[in-house]
Amino acid sequence: MKILFSMLVFSIGISASAKKKSNVTRKAPAKKLQINTLSKFKVSRIDVSGNKKIEKDAILAKIKIKPDSEVTEEQVREDLLSIFQLGYFKNIDFEKDNEVLTIKVTEKPSISEIIFDGNSDVKTDDLKDPSTIKAYEILNLAKLKEGVDKLQKFYEDKGFYLVRIDPVLEPSADGQNVKITFKIKEGEKVKVKKIFFIGNSKFSDNYLKDKMMFLKEEGYFSGLSGSGTYKQDSLEKDVQLLRMAYLFQGYIQAKVERPLVTVTPDKRGIYMTIRVEEGEQFDVGEVDFSGDLLFTKDELFESIKIHKNKIFAFDVLQKDLSELQAKYGDLGYAYANINPHWEILEKERRVNLNFEVDKGNKVYFGRINVTGNTRTRDKVVRRELKVRESELYNETRRRQSQENIQRLGFFEEVNFKTSTPPDQLDVMNVDIVVKERNTGQIQVNAGYGTSTGFTFGGSVQQTNFLGKGQSLGVSVQLSANTSLYDLSFTEPYFNDTLWSVGYRLFQSSNSARLDFNETKTGASVSLGHPIAENTRGYLTGGYTATRLSEVYTSDAAGNRVLLTDYDLFPLNTASGDSASLGASIEYDTRNDRFKPTKGVFGRLSYTNVGLIGGNLKYYRAGTDFRFFKNVFWDVVWRNSMSYGIIGSNDSSQPPPFNELFLLGGPYSLRGFRYGHVGKMKFSNTIYRNLTTAPNSTSPQSATDQAMRFVGGLQQAIYQTELQFPFIREADIYTVVFFDIGQADDTLTSTALYSDYGFGLRWFSPIGPLRFEWGFPLNRNPLYHENGVFEFSIGTPF
């Protein structure tokens, strides 16, 4: 006889109110479990049916009923609860047929697939972890609801307060699996409408708002820059920045409370109120040193700057601690503890400071490992190190090693993580953790430059070729008036020595000038070697074939007219072959070769052409100096100064006219057109063409128009600019600049040309794209415009 036992009623569905609250859409109604009751009965065997994913033994292990025993109602109740609490079943039936007890289970479906639908501002990969739901696990509706709540919170932290998330369950035909689709309507990001400060009198509201890096008020350009977006996780960061702003100005007792955030009724904007207690500004009192003094106090005072300040600036103190740490670290005391003891004198509003030094023990470098480099070979990193395994610790050389690796430009991040073996306290192991950046590009590009017209080109650039640190470049650039074919290769450590070897082949053609056309074909090889810290010397040898040709135009009658003035531009004196020898010295402390934010670059160069062959004989010398400084946050001050001079090696002929210096364009004076600043001469050829042409202007006007830019024997130029972040996520910056320079045979302060301007700079995958507007401060109206717009690819310096 078969009997169905029903002792409890379980519902694994969700009530209507719960369903509405959790926004879970179900395709099937909830099922109920029933067990009929009897009093005591005997069981000789226990079977399990309906289980496909859960082993029988796992189910039997959860019950207390055993074969060949008498079973009570209470035992059935307890065992049913135990099995149900496993969380794997939606229906459980206990059936008795004679003395055989069968546990019939209906398993919950497994999650076969998770889909996010409707997310556009947030990436799918970023939503997987907050959802807490994983594919192939058993469906748990409570966990699903929890996942929806966490996704909601994740979106709110990103400023999406209007987001709506509805999970939809789609069971498979056999009911064994279910696909979950999160239907997402992101809505608009909530914006910071206004930030209020209460309690500030020393600093204005605008000053404090500028110190907040992450949360800004909504402005006119918020749609482009993304500013004004509210992010919950940014609150504490900006609070810390505000506290530091006060500490940096000597307000050591200042307090900044967590902002009070008020959301507008439509949930589209918020108002923030920040309460501050500024306190008084404190000055520096007495400064002293104590503890393990391995240097004289005069030597220690030379390493710090806090004692020279009037106000007790916390940022200066932090830099001083770093300098003192390095000073002791250079002697091998890697874990020297510099503890600054403060004595606050309230009445005098001064802070006495005592640097207590605990030098600790000397430390030696242990294992040095390189991690995170999937493409770059270990030796490319190791050869930049100034430290070696088993040698005495040196803080300065450790910092230099990190800077050298960063300067390669192959890595976005370079971190030195240290550890000490428990049984070797005098040993420091170092893990050099790098995050590689894309150093190779294959490009096909087309564009328009105001100096070059329409351009088309392609290039292969790899600054870390085959992961060996080698540089390979192949490029082709074509426009209406210019062309360039260029192949270059550089091995920075030839045969694992300190010698670098570089090769270059090129051909260029330029018909952009009104006076002549120019074609150059050449090759060069260079050798380099370090000659001092951060300093390398180079020797370069090359060969160039230069060919110049006339420029013609047509007059109103269709006659062919020669524009080239042979008196100014004697083509035969500049056409020919030349062999060159050159030497240069470079000093480089930039933190990144491709996108520097601090450091300097200097170069001295001299090239002699025709010394070992060729009919062109001249020399060229020059110097360049570039300076970069991160002023604050991501604002970078960039500077470039250069000087060049050219002269003849043969007294019977001047240097080639096509090598003389002219300024103007996106890479020199940005408020002037290319080649429109420099020495000028009168052209009889152009003058005759102008005065004989129909409807010609007056002779005086024709004379003015017949002045030609020929170039000078010297040039000097200074460029300075401030680069501000505009859209950080897209690597877009704004820039304001000032240029001043001159190109002539003799440089004088009265003949300088200058300009100012602004622009946008996008560090895109195809290189830095520049959109700049330059305005001359002094100009000749006949040859210079009121303003110049330039589009170009590449940094100005």
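The values are calculated or read from the model by the stated rules, or taken from the named source; none is laboratory data. As the structure is a prediction and not an experimental result, all values here were calculated from the model. Quick reminder, even Gly has a Cβ in these numbers, built from the backbone with ideal geometry, and neighbours come from all protein chains shown. For accessibility, only protein heavy atoms count, side chains too; no ligands or nucleic acids. Shrake-Rupley method; radii C 1.70, N 1.55, O 1.52, S 1.80 Å.
Given a 1.4 Å probe and heavy atoms of the protein chains only, how would you sort Tyr587, Tyr136, largest accessible area at the top?
Sorted descending by solvent-accessible area, the residues read Tyr136, Tyr587.
Taking every pair of alpha-carbon atoms in region 512-570, give the share separated by more than 13 Å as a whole percent. Tail fraction, whole percent: 74. Counting only aspartates and glutamates at least 8 places from Lys468 when in the same chain, those with an alpha carbon closer than 14 Å to its own are Asp378, Glu384, Glu436, Glu491, Asp496. Projected over all directions and averaged, the alpha-carbon convex hull of region 228-313 occupies 8.3 nm².
What you get for the chain, charging only the Cβ of Lys and Arg (+1) and of Asp and Glu (-1), is a dipole of about 2160 debye around the Cα centre. Loop-located trypsin sites (Lys or Arg not before Pro) in region 378-412 (DSSP state not H, G, I, E or B) with no more than 16 neighbouring Cβ atoms inside 10 Å: Arg383, Lys386, Arg388. Distance distribution note for the chain: the fraction of Cα pairs above 53 angstrom is 40%. Shown here is the pair-distance distribution of region 294-450: with all Cα-Cα distances grouped in 10 Å bins from zero up to the longest one, the shares run 9, 29, 25, 19, 10, 5, 2 percent. The long axis of helix 314-329 is offset from the longest Cα principal axis of the chain by roughly 90 degrees.
Name the GluC sites (Glu not before Pro) in region 523-630 that are in a loop by DSSP and that have at most 16 other C-beta atoms within 10 Å, would you? The partial results should precede the final answer.
Working: sites: Glu533, Glu550, Glu586; in loops: Glu533, Glu550.
Here the sparse-neighbourhood loop sites are Glu533, Glu550.
A DSSP coil position with no more than 14 other Cβ atoms inside 10 Å describes the following trypsin sites (Lys or Arg not before Pro) in region 291-366: Lys305, Lys310, Lys347, Lys362. Can you give the extra length, in nm with one decimal, that the chain gains between Ser303 and Tyr543 once fully stretched, where that is 0.36 nm per residue apart less the Cα-Cα distance? Here the answer is 81.3 nm.
Counting only helical runs of four or more DSSP H residues, what would the 222 nm mean residue ellipticity of the chain come to if each run contributes -39,500 (n - 2.57) and the total is spread over all its residues?
-4500 deg cm²/dmol
Which number comes out as Rg/Rh for region 591-662 once both Rg and the Kirkwood Rh are worked out on C-alpha atoms? Checking Rg against Rh, the ratio lands at 1.20. Using a 1.4 Å probe on the protein chains only, how many percent of the accessible area of the chain belongs to carbon and sulfur? Reported share for carbon and sulfur atoms: 53 percent.
The figure for Asp650 is an accessible area of roughly 50 square angstrom, using a 1.4 Å probe on the protein chains alone.
Solvent-accessible surface of the chain, taken per residue with a 1.4 Å probe and all protein chains present: 52 Å².
Report relative contact order for the chain in percent, whole number only (criteria: Cα-Cα under 8 Å, sequence separation at least 6). After rounding, I find 5 percent. The length gained by stretching the chain between Lys194 and Lys40 to full extension, at 0.36 nm per residue less their Cα-Cα distance, is 48.1 nm. Helix 141-157 and the longest principal axis of the C-alpha atoms of the chain enclose an angle of approximately 30°. Within a straight-line Cα-Cα reach of under 13 Å, Lys158 can be paired with the following aspartates and glutamates, leaving aside sequence neighbours fewer than 8 residues apart in one chain: Asp121, Asp126, Glu186, Glu188, Asp233. Extending 7 Å from Cα along the Cβ direction at Asn615 and again at Glu146 yields two label points whose distance is 8.8 nm.
Straight Cα distances below 14 angstrom link Lys598 to the aspartates and glutamates Glu403, Asp588, Asp634, Glu721, with same-chain residues fewer than 8 positions distant left out.
Computed from Cα positions, the angle between helix 395-407 and the longest principal axis of the chain comes to roughly 80 degrees.
Go ahead and run the numbers for FRET between Asp68 and Ser120, Cβ-Cβ distance against an R0 of 51 Å, rounding to 0.05. Please list the in-between numbers first.
On the way: r = 64 Å, r/R0 = 1.26.
After rounding, the FRET efficiency stands at 0.20.
Between Ser49 and Thr746, the simple spin-label model (points 7 angstrom out along Cα→Cβ) gives 11.4 nm.
Suppose the chain between Phe632 and Asn778 were pulled fully straight at 0.36 nm per residue; how much longer would it get relative to their current alpha carbon spacing?
Contour length minus the Cα-Cα distance gives 49.3 nm.
Counted by Cβ distance under 11 Å from Arg268, the other residues give a net charge of +1, where Lys and Arg count +1 and Asp and Glu count -1. Each of Val551 and Lys104 was given a label point 7 Å from its Cα along the Cα-to-Cβ line. The distance between the two points is 9.7 nm. Above 18 Å, the calculated P(r) of region 361-420 contains 31 percent of its Cα-Cα pairs. The three principal axes of the Cα atoms in region 739-785 give end-to-end lengths of 42, 22, 15 Å, sorted in falling order. Taking every C-alpha pair closer than 8 Å and separated by at least 6 residues, the mean separation divided by the residue count of region 503-641 gives a relative contact order of 17 percent. Among the listed pairs Lys66/Lys108; Lys183/Lys417; Lys66/Lys128; Lys134/Lys194; Lys40/Lys143, a Cα-Cα separation exceeding 32 Å is found for Lys183/Lys417; Lys66/Lys128; Lys134/Lys194; Lys40/Lys143.
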